[in-house]
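Here is the structure we will look at, set down as structure tokens.
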Amino acid sequence: MRNFVHTSHPSRVIFGTGTVGQVRDEVERLGCSRVLLLAGPAVAKAAARVRDVLGDLIVAEFDGAAMHTPVEVTERALDVLREHAADCLVAVGGGSTTGLAKALALRTELPQVILPTTYAGSEVTPVLGETQGGRKITQSSPAILPETVVYDVEFTRDLPVGMSVTSGVNALAHAVEALYSPQANPVIDGMALDAVGRIARALPVLVAQPSDTGARADLLHAAWLAGTCLASVGMGLHHKLCHTLGGTFGLPHAETHTVILPHAMAYNAPAAPDVMNRIAEALDVADAPSGVFDLIASVGGPTSLGRLGMAQADLPEAARLAVATPYPNPRELTYQGIESLLQDAWRGLRPASPAVHVPPALGATADLERLTEQVVASFADAPDPRVGQLLGDLVRHLHHFVTSNDVTESEWQHAVDFLTRTGQICTSTRQEFVLLSDTLGVSSIVDLLTNSRTPETTPSAVLGPFYTDGPPETAQGADISRGVAGTPLWADIRVTDTEDHPLPDAVVDVWQADKDGFYDVQLPEHEGPVLRGRLRTDDEGRLRFWTILPAEYPIPDDGPVGQMLQAVNRHPYRAPHLHFMISAPGHRRLITQLFVKGGPYLDSDTVFGVKEGLVIDFAPGTGPTPDGRAVDGEWRSLQFTFRIARIADAPAS
Ligand code: NAD
């Protein structure tokens, strides 16, 4: 039996899609008729919907909310509130706008109706952090707790993917720390674990499909649950550290939570093993801290304090501040421990896995661990720290793989032979290592981490092994098939920036397989390149060319990679596609592929390269061809616009 105390904080919660329609009723339900609307320019669309619904109940608006609720801003908003004799606060926005509503409510006791547009969770807590003269002061009071929260999933649909990821991890942090809080209780445990599972399921879906209603609903539901946890129990090391890094070093709120969470969990893991096991189960991973790190990395979230702009020289001071005043935490806080945590987070290291699992018969756990650490330490003086980090982490994973699978000598020899044969078959036109990376899904992961990060740009796809440097310069309207038989295909392509401005003079390399699935480099009968070309967009950012419809094809499967696929009953086929590499001055290079809608193997492409936004209708042509070319029989037409990011807009890779 477990003794516990649970305090709940009463608020009325309306959850769903289109719930904004109920805001007027909710204001009137509170007995109010003079609304001060708080909403910033970033949520203009949502604010317009609220204006439509509230109509003449709005007597004034204020759009100046700022991060960490500066008291000067609150005083300006207070003037507006008093001048118009408002009797109710309606806030549309993230934690900053909610913070302003809370600060005003604390001073006036006016009721609040909050419509959250992020996953920060502040709307269900009686807590307010305000800044004045560079100091952040946090207080808790029933007057701060908003009376009504209207969660409208539609209001989060436009939250950019990057912010959705960091805000979602901010919510995850509330749930994680609630589970090992000294006030933890069964009510909160249930909510926290439900939130962890929802966040882990929703984030990968959102990255692939940012407006997915189910995933958005899951994440918003989790934000509410996690916010409720935050309201009910005390937080530990993670929140304290983020508070210090945000308040004293000016780091951004949700991003800092995202970088720190796996490291704070790894620090606390030895003192809270049961909690970590429950989190790992909810995440469906073996180890909670590294599982959270992997989740964040896989959805393109930030993993390094250095990349957030923190100076490495400031880490000792941050560690000193974080341990200066004691607070409850599962594991004792030591300066050395926290400094080392911050160093790892600064470098973006994956938190160390728990002790290597060794079957009892082998016994020598300590020796194996010592050996791993010796090898890792041998990279410590690498002149390039990134090289040291990558090799060290590779060795940790490799040692863990060998010990946890109890790999035998003959299995390891087989692996060495396999890699030897993979190298031996490589030539200037046969790249077996690229095939290996592709069929293991690594190329697609690297591509996802580096390229497909903005929803406004066309998704990228892997380069593949058949690109050749310097394809033949090809004029607009020309036929890159150069007489190779197949169903003629007319391609009419536009290249624009993310705001739909055409990009003239972009260099576009195109390459593809023939109707039997072979690239020219695989067929000795072709003299010189076919089915590949380099074109340039015209003044309208367009390029048009003839080619033939690409066919599905097996990747070269007569080598070690083919044997590997056979050994696990996997087919070697790629779904039919055209490759594109697009370069325009001042813009990020885009490497991608367009797949033929309705074609075979779209759902089992052997290199895991198919993305929904790249599956395109290669429509049957009707009537005369666009350039008047005479075509006997069937022809197809492909129309597509590639959107590429300006270098200044592109997220750092
Ligand atoms: P935020 O409110 O500062 O929003 C971040 C940015 O995103 C802002 O520029 C905002 O205008 C924009 N934005 C918000 N919603 C958007 C949308 N749907 N589409 C596009 N842009 C949008 O950030 P946050 O992470 O929500 O909140 C952080 C603040 O909340 C911090 O000050 C933090 O201390 C506070 N907070 C307080 C509590 C609490 O219980 N007191 C809990 C969590 C966070």
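The values are calculated or read from the model by the stated rules, or taken from the named source; none is laboratory data. Note that this is a predicted model, so its numbers are computed, not measured. Cβ sites come from the backbone with ideal geometry, for glycine too, and all protein chains shown count toward neighbours. To get the accessible areas, we keep the full protein, side chains included, count just its heavy atoms, and leave off ligands, DNA and RNA. Shrake-Rupley method; radii C 1.70, N 1.55, O 1.52, S 1.80 Å.
Which members of the stretch 529-552 meet the condition of being assigned to a loop (DSSP other than H, G, I, E, B) and in contact with a helix residue (DSSP H, G or I) (Cβ under 8 Å, 6 or more places away or on another chain)? Show your work before the answer.
From the stretch 529-552, those assigned to a loop (DSSP other than H, G, I, E, B) are 529-531, 537-541, 549-552; that's our starting set.
Those that are assigned to a loop (DSSP other than H, G, I, E, B) and in contact with a helix residue (DSSP H, G or I) (Cβ under 8 Å, 6 or more places away or on another chain): Pro529, Val530, Leu531.
Could you tell me which numbered condition Thr117 fails, if it satisfies all but one of (1) crowded, with 22+ Cβ neighbours inside 10 Å; (2) hydroxyl-bearing (Ser, Thr, Tyr); (3) more than 14 Å from the ligand (Cβ to nearest atom)?
Answer for Thr117: the failing condition is (3).
Val169 - would you say it is closer than 29 Å to Gly250 by Cβ and outside the structural domain of His243 (by TED's automatic domain parsing)? Break it down stepwise before answering.
On the way: closer than 29 Å to Gly250 by Cβ: yes; outside the structural domain of His243 (by TED's automatic domain parsing): no.
It is false that Val169 is closer than 29 Å to Gly250 by Cβ and outside the structural domain of His243 (by TED's automatic domain parsing).
Which one of the conditions (1) of a type outside the set (S, T, N, Q); (2) more than 30 Å from Phe433 (Cα to Cα); (3) open to solvent by less than 60 Å² (accessible area, probe 1.4 Å) does Asp505 fail to meet, given that it meets all the rest?
Looking at each condition in turn, Asp505 falls short on (3).
Can you name the residue in the stretch 183-192 that is among the hydrophobic types (A, V, I, L, M, F, W, C) and open to solvent by less than 40 Å² (accessible area, probe 1.4 Å) and is also nearest to the chain's Cα centre (by Cα) among such residues? Talk me through it step by step, then tell me what you get.
Start the filter on the stretch 183-192 by keeping residues that are among the hydrophobic types (A, V, I, L, M, F, W, C), which leaves 184, 187-188, 191-192.
Adding the requirement that they be open to solvent by less than 40 Å² (accessible area, probe 1.4 Å) leaves 184, 188, 192.
Values: Ala184: 30, Ile188: 27, Ala192: 21 Å.
Step by step, filter the stretch 183-192, then rank; the result is Ala192.
Step by step: first the residues of the stretch 603-643, then only those that are among the basic types (Lys, Arg) and more than 24 Å from the chain's Cα centre (by Cα), then the one that is nearest to Arg494 (Cα to Cα). Which residue is that? Let's see the steps before the verdict.
Of the stretch 603-643, the ones among the basic types (Lys, Arg) are 611, 629, 636, 643.
From what is left, the residues that are more than 24 Å from the chain's Cα centre (by Cα) are 629, 636.
Working: Arg629: 21, Arg636: 17 Å.
Step by step, filter the stretch 603-643, then rank; the result is Arg636.
Could you count how many residues in the stretch 105-114 are in contact with a strand residue (DSSP E or B) (Cβ under 6 Å, 6 or more places away or on another chain), within 12 Å of the ligand (Cβ to nearest atom) and open to solvent by 10 Å² or more (accessible area, probe 1.4 Å)? Steps first, answer last, please.
Going through the stretch 105-114, the residues in contact with a strand residue (DSSP E or B) (Cβ under 6 Å, 6 or more places away or on another chain) turn out to be 105, 110-114.
Add one more test, that the residue is within 12 Å of the ligand (Cβ to nearest atom), and what stays is 114.
Narrowing further to those that are open to solvent by 10 Å² or more (accessible area, probe 1.4 Å): none.
Final tally of qualifying residues: 0.
With a cut-off of at least 2 residues that are open to solvent by 10 Å² or more (accessible area, probe 1.4 Å), of a type in the set (Lys, Arg) and out of contact with any strand residue (DSSP E or B) (no Cβ under 7 Å at 6 or more places or on another chain), name the strands (runs of 3 or more DSSP E) lying wholly within the stretch 127-182. Break it down into steps so the answer makes sense when it comes.
Values: elements: 127-132, 135-140, 148-152.
By residue number, no strands (runs of 3 or more DSSP E) qualify.
Out of the residues in the stretch 217-254 that are more than 20 Å from Leu305 (Cα to Cα) and away from the ligand (no atom under 13 Å from the Cβ), which is surrounded by the most Cβ atoms within 10 Å (Cβ to Cβ)?
Of the stretch 217-254, the ones more than 20 Å from Leu305 (Cα to Cα) are 217-235.
Now drop any that are not away from the ligand (no atom under 13 Å from the Cβ), which leaves 217-218, 221-222, 225.
Numbers: Ala217: 18, Asp218: 23, His221: 19, Ala222: 29, Leu225: 26.
Going through the qualifying residues, I end up with Ala222.
Within the stretch 427-446, can you find the residues that are part of a helix (DSSP H, G or I) and free of Cβ contacts under 8 Å to residues at least 60 places away in the same chain? Talk me through it step by step, then tell me what you get.
As a first pass, look at the stretch 427-446 and keep what is part of a helix (DSSP H, G or I): 432-439, 442-446.
Passing the criteria: Phe433, Val434, Ser437, Val442, Val446.
For the stretch 474-512, name all the residues that are of a type in the set (Asp, Glu) and within 18 Å of Ser637 (Cβ to Cβ).
First pass over the stretch 474-512, keeping only residues of a type in the set (Asp, Glu): 479, 492, 497, 499-500, 505, 509.
Correct list: Asp479, Asp492.
Find the residue count for the stretch 512-528, including only residues that are assigned to a loop (DSSP other than H, G, I, E, B), among the acidic types (Asp, Glu) and in contact with a strand residue (DSSP E or B) (Cβ under 8 Å, 6 or more places away or on another chain). Even if it seems obvious, please write down each step before you answer.
We begin by selecting, within the stretch 512-528, every residue assigned to a loop (DSSP other than H, G, I, E, B); these are 513-519, 523-528.
Next cut, among the acidic types (Asp, Glu) only: 514, 516, 525, 527.
Those still in the list that are in contact with a strand residue (DSSP E or B) (Cβ under 8 Å, 6 or more places away or on another chain) too: 514, 516.
The total comes to 2.
Of all residues being in contact with a helix residue (DSSP H, G or I) (Cβ under 6 Å, 6 or more places away or on another chain) and open to solvent by less than 30 Å² (accessible area, probe 1.4 Å) in the stretch 59-76, which is nearest to the ligand (Cβ to nearest atom)? Just the residue, please.
Out of the qualifying residues, it is Thr69.
Evaluate the following for His221: is it in a helix (DSSP H, G or I) and under 22 Å from Val323 (Cβ atoms)?
Here the answer is no, as His221 does not meet what is asked.
Applying the selection to the stretch 386-415, what residues are aliphatic (A, V, I, L, M) and either open to solvent by 60 Å² or more (accessible area, probe 1.4 Å) or in contact with a Gly (Cβ under 9 Å, 6 or more places away or on another chain) (or both)? I'd like the intermediate steps shown before the answer.
Keep residues of the stretch 386-415 that are aliphatic (A, V, I, L, M), which gives 387, 390-391, 394-395, 398, 402, 407, 415.
Hits for the stretch 386-415 are Val387, Leu390, Leu391, Leu394, Leu398.
Out of the residues in the stretch 201-213 meeting the condition of being small (Gly, Ala, Ser) and within 21 Å of Asp152 (Cα to Cα), tell me which one is surrounded by the most Cβ atoms within 10 Å (Cβ to Cβ).
Of the residues in the stretch 201-213, the ones small (Gly, Ala, Ser) are 202, 208, 211.
When the remaining residues are screened for being within 21 Å of Asp152 (Cα to Cα), the result is 202, 211.
Numbers: Ala202: 24, Ser211: 12.
Checking each candidate, the answer is Ala202.
Please go through the stretch 19-41 and pick out each residue that is within 16 Å of the ligand (Cβ to nearest atom) and either over 25 Å from Thr74 (Cβ atoms) or not in a helix (DSSP H, G or I) (or both). Reasoning before the result, please.
Here is the first cut: in the stretch 19-41, the ones within 16 Å of the ligand (Cβ to nearest atom) are 19-20, 37-41.
Of everything in the stretch 19-41, those that are within 16 Å of the ligand (Cβ to nearest atom) and either over 25 Å from Thr74 (Cβ atoms) or not in a helix (DSSP H, G or I) (or both) turn out to be Thr19, Val20, Leu37, Leu38, Ala39, Gly40.
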